Amino acid sequence: MTITLIIGYIINREIRDDTLKNLITVPVKYSKILGSKLLLGCILSLIYGAFSWFFTLIAYKLLGLGGLTVKLFFKSFFQITVFNLLLYIGISPLIAVTAKSGLNHLMSVILAFVFGYAAMFISGNKLLVNIYPITAGGMIIGFRNHVPAVKEMANPVLAAVSLTITLLITILIVQSANEYKSAKKNEAKVKLRPKKGW
């Protein structure tokens, strides 16, 4: 949800302040600008995942927990950073739709929260947990595979197909974004009548 807020803000700030029109004067389509910002989101999600892993490691050491092996050290880095990327891919259509429609970026944050909250209710269904984009990333990285019931439910191939389709949907949304919606156009137009007299 944090990455949705950051990327949504980056996209929406230019629309709200009406500075995007300056970028559009350069012969670059809005879809390419939007696509580059969503790609930046992929990079930021990996960085955010690395920071999450680092602070998790610090908390692990501060609490004095034992059992950290070299294998677990690298496995946890892979799982946390890649999960952040896959989670971003899962919510990227929400960001793309709100950016394309010119809605406030907080709408994508609210939708991401609702989709994340809904993941709790589908986590017990073997099919839905693998195809729902929010939970599919966990199935790919083997999140909680040490629990036999979760390991039995996991189908990484189906989850990868689900996230691939989600990524393709995001690309189609971005490609269809030919023009941006100006915040100025959405404001109510007030007609001023000329004054009588001098």
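The values are calculated or read from the model by the stated rules, or taken from the named source; none is laboratory data. As the structure is a computational prediction, the values presented were derived from the model and not from experiment. All Cβ positions, glycine included, derive from the backbone under ideal geometry; neighbour counts span all protein chains shown.
Got at least one residue in the range 109-129 being buried (at least 19 other Cβ atoms within 10 Å of the Cβ), of a type outside the set (A, V, I, L, M, F, W, C) and more than 15 Å from the chain's Cα centre (by Cα)? Within the range 109-129 (the criterion being buried (at least 19 other Cβ atoms within 10 Å of the Cβ), of a type outside the set (A, V, I, L, M, F, W, C) and more than 15 Å from the chain's Cα centre (by Cα)), the answer is no, since none of the residues qualifies. Do we have S36 as more than 18 Å from T166 (Cα to Cα) and small (G, A, S) here? The answer is no for S36. Being without any contact (Cβ under 8 Å) to a residue 12 or more places away in the chain and more than 27 Å from G116 (Cα to Cα): is that true of L39 here? No: the conditions fail for L39. Of everything listed in (1) crowded, with 16+ Cβ neighbours inside 10 Å; (2) hydrophobic (A, V, I, L, M, F, W, C); (3) assigned to a helix (DSSP H, G or I), the single unmet condition for L103 is (3).
Condition check ((1) under 26 Å from L172 (Cα atoms); (2) modelled with pLDDT of 90 or more; (3) not aromatic (F, W, Y)) across all residues:
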residue: L44; (1), (2), (3): yes, yes, yes
residue: V82; (1), (2), (3): yes, yes, yes
residue: L86; (1), (2), (3): yes, yes, yes
residue: A96; (1), (2), (3): yes, no, yes
residue: A99; (1), (2), (3): yes, no, yes
residue: F115; (1), (2), (3): yes, no, no
